[in-house]
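The structure appears below as structure tokens.
Any read-out appearing in this document is the output of simple, stated calculations on the displayed coordinates, not a laboratory observation. Computed from a predicted structure; not experimentally measured. Methodologically, a virtual Cβ is constructed for each residue, glycine included, from the backbone with ideal geometry; neighbour enumeration extends over all protein chains shown.
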Amino acid sequence: MREFVLLDGGSRMYKGNLHTHSTRSDGQYEPETVIAAYRNKGYDFLCLSDHEIYFKSEAYDDGNFIMIGGYEMACEMSREETGQQYHLHGLLDRLVEPIGEFEHNEEHAKPDYENLNTIQTLIDDMRARGNLVILNHPEWSKNKPKDLLALQGYTAIEIYNHQSELDEAAGCGIAHWDYLLRHGRRIHAIASDDAHGGAIDAVESEFFGGWVEVQADKLEGQSVVDALRKGRYYSSNGPKILDLRVRDGRLEIECSPVKRIKFLAHPGNGHMVYDPGGEPVSHGAFPLRGGEGYVRVECIGFDGSTAWSNAVFPADLFLP
């Protein structure tokens, strides 16, 4: 089997947050304050994903930082009774060949929920207007996995939403993601902040708690979105994934020093890499036998923080 490079340790990675809010919707801070906070923290890109109002401006871009166009749409269903709702995230993607892009500050009405077709129509409309679609915080939204399986056209699902986890213990969407993967869906994973307010630089803050690091050709909006669509990135709330590739029939990973590296496979079981003496580990490998539907990797720090790879599908790698 030839080598397949999934994330190249010798290439530039760009760090960004795809989900946060400002006073344009229900956030505490003005857009300029939020943007400056991420820029000053060393982020390379940010999407100001306010509710039902589109952001599309290059006024804050420079050679070291860019804004990604986008917004968040909600359909609240029976939120008061059961907590169920859908929040869908659109990222400006001009390769979708839209019938017409949204304008900066264009506002949108929440759709009235009738059945699951309401959500499918919303996804279709978002895509038709030039957006890559992400399904936000499925645990917080009380989404049913079988409904997520029925929906089509979204590229990724939030597996870690920092604000939902920090404030309501409902930010982990791993189970929803694995359900989709086990049923054959090629869905990527996203970690994000979804910050709304509170002290920005507090030790425990809604800000800077979940992010993606993207291997894009350059720091430019469409290039970043292209990499997101292709899964050329990882998600994290702490550790770094430095390199990920398939070589000599093994999935190999290099990461920052962590407590454990967990390879999760389906069907069948995976593999854990750790040091019996408790020393940090920074590389691991998993032999691909050819029958796996997917394999994904978690790098788990000593404080419990995690970096998540996107799923690898051995069938795509021309295994013998």
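Using the Cβ-Cβ distance between Lys146 and Asp125 with R0 set to 30 Å, the FRET efficiency works out to roughly 0.85. For the stretch 238-320, the relative contact order comes to 31 percent (Cα pairs under 8 Å, sequence separation of at least 6).
For the peptides 63-72, 162-171, residues were scored by their other Cβ atoms within 10 Å and the scores averaged per peptide; the highest-first order is 63-72, 162-171.
Sites listed here are trypsin sites (Lys or Arg not before Pro) in the stretch 244-318 whose DSSP assignment is loop and whose Cβ has at most 15 other Cβ atoms within 10 Å: Arg289. Taking the Cα centroid of the stretch 16-79 and of the stretch 159-188, what is the distance between the two, rounded to the nearest whole Å? Centre-to-centre (Cα) distance: 21 Å.
Near Cys75, once Lys and Arg are set to +1 and Asp and Glu to -1 for all other residues with Cβ below 9 Å from its Cβ, the sum equals -1. Neighbour counting of Cβ atoms within 10 Å sorts the residues Ile241, Ile187, Ile35, fewest neighbours leading, into Ile35, Ile187, Ile241. Other residues lying with their Cβ under 9 Å from the Cβ of Ser49 contribute a combined charge of -3, Lys and Arg counting +1, Asp and Glu -1. Charge tally for Pro145 (other residues, Cβ to Cβ under 12 Å; Lys, Arg +1; Asp, Glu -1): +2. Computed per residue of the chain from DSSP H runs no shorter than four, each worth -39500 (n - 2.57), the mean residue ellipticity at 222 nm is -5000 deg cm²/dmol. By the Cβ-Cβ criterion of under 4.7 Å, the unpaired cysteines of the chain are Cys47, Cys75, Cys172. Here the contact order of the chain, divided by its residue count and restricted to Cα pairs under 8 Å and six or more residues apart, works out to 17 percent. For Gly284, the residues whose amide H sits under 5 Å from its own are Ile253, ignoring neighbours fewer than 5 places away on the same chain, with H placed 1.01 Å from N.
Extending 7 Å from the Cα toward the beta-carbon at both Glu220 and Glu103 defines two label points whose distance is 2.7 nm. Over 31 Å apart at the Cα level, from the set Lys110/Lys146; Lys146/Lys262; Lys146/Lys230; Lys110/Lys218; Lys110/Lys230; Lys230/Lys259, are Lys110/Lys218.
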